[in-house]
Amino acid sequence: MTDAVAALRDLFIYVSELESSVELRGSFYVAPWITVFHVVSISMFAGTILMMDLRLLGLANMRTSFSEVQRRLFPWQMAGMTLATMTGLALVFANPMNYFDNIIFWTKMLGMAIAGVNALAFHFVTEYTVVRWDTAVRPPFAAKLAGGLSVLLWINVVIAGRLIPYAKTWLAEV
């Protein structure tokens with residue numbers, strides 16, 4: 001385990017010393033705009049995820065079939081996810097050592113990984129039965145579970161993302 005952490009630390013140090021990383025980190029205009037685009041793209045992604053999850057939970061959009069809600073939102077979700085991924089990677093690239101020992105950053109990464117597994121489980125298991133419950137007022141338990149977990153996990157990701165800048169202060173006091 002310590003070898004993996006040491007290798008990851010070496011990678012983060014290597015990236016932090018790249019000329020492009022140093023330039024991006026020192027940019028007066030580019031780095032702040034990357035942050036702005038990251039927040040906007042996460043808002044787009046999380047908002048469309050929440051709309052779909054509320055349908056899975058049977059709390060919203062009940063007059064529209066789940067497949068129709070998904071058909072309308074999925075392109076926007078993918079656009080938001082793509083932009084959030086690109087800008088998030090750029091933020092880490094710009095200052096990797098700011099993130100390496102940041103427990104809140106790793107909490108966010110873990111939350112995103114678990115949310116991804118939840119989404120894959122939904123798509124490869126529950127969604128295959130969508131023809132049976134597509135227009136149901138009460139979606140099946142598996143759909144509700146996937147939607148509820150998704151809401152909780154993405155709330156964790158958004159909150160963790162906003163708390164990343166403050167983790168050093170908290171950890172320094174411990």
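Against the condition of a type in the set (K, R) and more than 25 Å from R162 (Cα to Cα), how does R72 come out, does it pass?
The answer is yes for R72.
Do you know which residues across the range 20-63 are under 14 Å from M86 (Cα atoms) and among the acidic types (D, E)?
None - no residue of the range 20-63 is under 14 Å from M86 (Cα atoms) and among the acidic types (D, E), so the list stays empty.
With F45, F37 as the choices, which residue is buried (at least 18 other Cβ atoms within 10 Å of the Cβ) and either assigned to a helix (DSSP H, G or I) or at pLDDT below 90 (or both)?
Just one listed residue meets the conditions, F45.
Which of the residues that make up the range 106-161 are part of a helix (DSSP H, G or I) and either in contact with a strand residue (DSSP E or B) (Cβ under 9 Å, 6 or more places away or on another chain) or among the charged types (D, E, K, R) (or both)?
K108, E127, R132, K144
Looking only at the range 48-65, which residues are polar (S, T, N, Q) and part of a loop (DSSP other than H, G, I, E, B)?
Matches in the range 48-65: N61, T64, S65.
Hey, among F105, F93, F100, which residue is in contact with a Ser or Thr (Cβ under 8 Å, 6 or more places away or on another chain), within 21 Å of V5 (Cβ to Cβ) and surrounded by 12 or more Cβ atoms within 10 Å (Cβ to Cβ)?
The match here is F93.
Let me confirm something: among L83, L50, which residue is under 19 Å from the mean Cα position of the chain (by Cα), at pLDDT 95 or above and more than 24 Å from D134 (Cβ to Cβ)?
Checking each option against the conditions leaves just L83.
Say we look at the range 67-80 and pick out the residues that are crowded, with 17+ Cβ neighbours inside 10 Å and within 14 Å of the chain's Cα centre (by Cα); which of these is nearest to T129 (Cα to Cα)?
Q77
Being farther than 30 Å from V40 by Cβ and in contact (Cβ under 8 Å) with a residue 40 or more places away in the chain narrows it down to one of V130, V125, so name that one.
Result: V130 is the single residue among V130, V125 that is farther than 30 Å from V40 by Cβ and in contact (Cβ under 8 Å) with a residue 40 or more places away in the chain.
Any residue in the range 52-67 that is at positive phi and β-branched (V, I, T) sitting within a Cβ distance under 6 Å of a residue that is surrounded by fewer than 18 Cβ atoms within 10 Å (Cβ to Cβ) and outside any loop (DSSP other than H, G, I, E, B)? List the pairs, counting only those 6 or more apart or interchain.
none
The values are calculated or read from the model by the stated rules, or taken from the named source; none is laboratory data. Quantities reported herein were computed from a predicted structural model and do not represent experimental measurements. When we count neighbours, we look across all protein chains shown, and the Cβ atoms used for this are built from the backbone with ideal geometry, even at glycine.
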